[in-house]
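The values are calculated or read from the model by the stated rules, or taken from the named source; none is laboratory data. No experiment lies behind these values; they were computed from the predicted model shown. All Cβ positions, even for glycine, are placed from backbone atoms using ideal geometry, and neighbour counts span all protein chains on display.
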Amino acid sequence: MGKNLVQKIFESHLVSGTLETNEEITIAIDQTLTQDATGTMAYLQFEALGIPRVKTKFSISYVDHNMLQTGFENADDHRFLQTFAAKYGIYFSKPGNGICHQVHLERFAKPGETLLGADSHTPNAGAMGMIAIGVGGLDVALAMAGEPFYLKMPEIVLVKLKGKLSAWVTSKDIMLELLRRLTVRGGIGKIFEFGGSGVGTLSIPERATIANLGAELGATTTLFPSDEKTLEFLKAQGRKKDWIPLHSDQDAEYHQIIEIDLGKLEPLIAQPSSPDKVCLVRAVAGKAVKQVCIGSCNNSSYFDLMSVAKILKGRKIHPDVSLTITPGSKQVFEMIAQNGALAMLISAGARILEAACGPCIGMGQAPPSQAVSIRTMNRNFLGRSGTPEDQVYLASPYVSTACALKGSITDPRTLGLKPPRIPMPQRFLIDDSLILPPASKPETIVVERGPNIQSLPLRGPLEDVIEGFVILKVGDNITTDHILPAGARILPLRSNIPAISKHLFERVAPDFFKKTREMGGGFILGGENYGQGSSREHAALAPMYLGIKAIITKSYARIHRSNLINFGVLPLTFKDPDEFLKIRQEDHLRITDLRRAIQGESLLRVENTTQKRMFEVSHGLNTREREVLLAGGLLNYIRRGKA
């Protein structure tokens, strides 16, 4: 029996376990990345391990999130990250060099290698034939320390593409179609491998758009073969030596095969406020638009922005529209500046933002109240933009540009224009001067710590009895933005857990912090897919800091469940999902004999002392996860093993 591409890369990196679905495996990690919103905490965790130098082949720290330096906090964090990287053997991508996923694709992603990133959109590098997985910062810290990465072997789904995209249809529409079919929960426990004759029609930037959006399916990662298109891109980046061919075998087997006829796709759009609320653009055409934002780690490549510039050339945006353009990297920014495309964008009326995440994470450009905002980004969770009751739609650069020109949601096929054709440059502009290598004499480097860099909070070993009130009860698809929002006001506090914990659930339950403090901690109840979205481990670390003992849900998003375990918070699920309806907020719950019970069967008995009855929950923990929780979290567990 032949092997699929996932199996080939996993086998070459396998440290322990067998590649049987749902069996725990460990794999060696070649590369790591962090960004500034996750990096400070990841590096404090690495420092706590007492290891003098990273042990990966390549690790890099990007600065792309906290860019609005309205106070000292972000600037202090950037100095901490730069000096830490220099001392511990990490490359440092300075502010202005670009968004981590775009820069990594251009300069460092390698076919056949493995990458862990403290950002949920790390699978973007899967466009290069790389196993790239988004995780919490502590998992990245351990990978930098030379530890293998633990995961349950996912199911492998083949997305078989055939044919060729029609005019004005883009690779973004391929992933929107998958989100329409499968929903934001459709990829949990799965890796999506793309194949079929249609793959060869897609460039690396087009593939990156797809790989990036795999995170919105809840997928472990998304993967493309390494073929002639990969070689073409790497040659143009001056990295031909990094290319190796990688394909699945002809007789490879998959758990599921999904077929998409590219020629039958039409321009699609995700309506507020979920990436899977997808419909045809023409079904909502005519709705007035006030803002269009093009860029972020999705659709900010040279090809995307050149396409936008060519459509706008000699035209003006609608007077009622504010159009922003975010280049994905310094490379992209400089190239469009030199070839005149930047002038076309400015002439059309676009506002040019720096090469950073920006509007995607609510870092500026909050839309007007009750106004439609069209964005090429990957998430449109309610309020993420910075406007509480926002109306954010997700669409391709073609659709977004058409909306900017017409002032309403517009199918680009109705513009009466020919779609732009952007050839692959023979050579991209290569200037890595904003990527700083580690210090040659690390012993001379002093890590700079401003007052916003607070010590890492830890908890002790798991108690034998946990009890408390149900402080909050929430529904399905609660995102990490619900738990701990992004945005210019809160992101600067990512290195300060005592300060950031005050903002937990503030958009859902403004009194959550006060109640949790008054009640001395307790429990949170949730529905399906709890914790979807960002990899931000702060959404687990801050609840632990406030004394949340356990979270009981119907199901979890992968990264968030791992983060809860890493910080010693019990991630439990209802044996009977209907039990969720019976428990009231502020009921008092109690679990006894917990340490023994966790080491035994997967079911635990919980006493609802308010209602005077018992119910059962499952911990679903494997042997290693049990030991981690008993120790009070992963850092305690690792330290104990090294003692």
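Checking each residue in region 33-62 for being of a type in the set (D, E, K, R) and under 14 Å from GLY146 (Cβ atoms) picks out ARG53, LYS55, LYS57. On inspection, ALA285 does not qualify as surrounded by fewer than 20 Cβ atoms within 10 Å (Cβ to Cβ), touching a residue at least 40 places away in the same chain (Cβ under 8 Å) and not assigned by TED's automatic domain parsing to the domain that holds GLN391. The residues listed here are ALA343, ALA355, ALA366, ALA348; of these, the one that is out of contact with any helix residue (DSSP H, G or I) (no Cβ under 6 Å at 6 or more places or on another chain) and within 24 Å of PRO420 (Cα to Cα) is ALA343.
Report those strands (runs of 3 or more DSSP E) wholly inside region 318-428 carrying at least 1 residues which are within 22 Å of THR480 (Cβ to Cβ) and of a type in the set (S, T, N, Q).
Details: elements: 322-325, 372-375, 391-394.
Filter on region 318-428 gives 372-375, 391-394.
Being without any contact (Cβ under 8 Å) to a residue 12 or more places away in the chain and basic (Lys, Arg) is a property that does not hold for LYS229. Got at least one residue in region 448-460 being of a type in the set (A, V, I, L, M, F, W, C), within 30 Å of ASP593 (Cβ to Cβ) and at pLDDT below 90? There is at least one residue in region 448-460 that is of a type in the set (A, V, I, L, M, F, W, C), within 30 Å of ASP593 (Cβ to Cβ) and at pLDDT below 90.
With the requirement that a residue be under 30 Å from MET1 (Cα atoms) and crowded, with 19+ Cβ neighbours inside 10 Å, what does region 225-241 give you?
Initially, region 225-241 is screened for residues under 30 Å from MET1 (Cα atoms), giving 225-231.
Within region 225-241, PRO225, SER226, LYS229, THR230 qualify.
Of the listed requirements (1) of a type outside the set (Gly, Ala, Ser); (2) outside any loop (DSSP other than H, G, I, E, B); (3) modelled with pLDDT under 90, HIS482 misses just one: (3). Close contacts from region 62-79, counting a first residue that is more than 13 Å from LYS94 (Cα to Cα) and free of Cβ contacts under 8 Å to residues at least 60 places away in the same chain and a second that is surrounded by 21 or more Cβ atoms within 10 Å (Cβ to Cβ) and among the charged types (D, E, K, R), with Cβ to Cβ under 8 Å and a gap of 6+ residues or different chains, come to none at all. Quick one: which of THR516, THR480 is assigned by TED's automatic domain parsing to the domain that holds ILE638, among the β-branched types (Val, Ile, Thr) and within 18 Å of ASP36 (Cβ to Cβ)? Going through THR516, THR480 in turn, the sole match is THR480. Flag: SER495 does not match the condition of being in contact (Cβ under 8 Å) with a residue 60 or more places away in the chain, out of contact with any Phe, Trp or Tyr (no Cβ under 9 Å at 6 or more places or on another chain), on the phi < 0 side of the Ramachandran plot and hydroxyl-bearing (Ser, Thr, Tyr). Of all residues in region 156-177 being crowded, with 19+ Cβ neighbours inside 10 Å and in contact with a Lys or Arg (Cβ under 8 Å, 6 or more places away or on another chain), which is farthest from THR201 (Cα to Cα)? It comes out as ILE156.
Checking the stated criteria, THR40 turns out to be in contact with a strand residue (DSSP E or B) (Cβ under 9 Å, 6 or more places away or on another chain), at pLDDT below 95 and either under 22 Å from PRO492 (Cβ atoms) or among the hydroxyl-bearing types (Ser, Thr, Tyr) (or both). Set side by side, the residues GLY600, GLY641 differ, and just one is surrounded by fewer than 14 Cβ atoms within 10 Å (Cβ to Cβ), small (Gly, Ala, Ser) and more than 33 Å from the chain's Cα centre (by Cα), which is GLY600. Against the criterion of being closer than 22 Å to GLY450 by Cα, assigned to a helix (DSSP H, G or I), among the hydroxyl-bearing types (Ser, Thr, Tyr) and outside the structural domain of GLY364 (by TED's automatic domain parsing), THR38 qualifies. Take the residues in region 512-536 that are hydroxyl-bearing (Ser, Thr, Tyr) and modelled with pLDDT of 95 or more; name whichever of them is surrounded by the most Cβ atoms within 10 Å (Cβ to Cβ). Selected residue: TYR530. Pull up region 537-561, narrow it to residues that are more than 13 Å from GLY521 (Cα to Cα), modelled with pLDDT of 95 or more and not aliphatic (A, V, I, L, M), then point me to the one that is nearest to the chain's Cα centre (by Cα). Per the stated criteria, the residue is HIS560.
For region 87-112, give me each residue that is more than 20 Å from the chain's Cα centre (by Cα), part of a helix (DSSP H, G or I) and buried (at least 22 other Cβ atoms within 10 Å of the Cβ). Listed by number, the list holds a single entry, TYR88.
When residues of region 52-86 are filtered for being farther than 30 Å from GLN365 by Cα and either in contact with a His (Cβ under 8 Å, 6 or more places away or on another chain) or not in a helix (DSSP H, G or I) (or both), how many remain?
Residues meeting the conditions: 8.
In summary, strands (runs of 3 or more DSSP E) completely within region 116-212 and bearing 2 or more residues that are under 27 Å from CYS357 (Cα atoms) occur at 131-134, 190-195.
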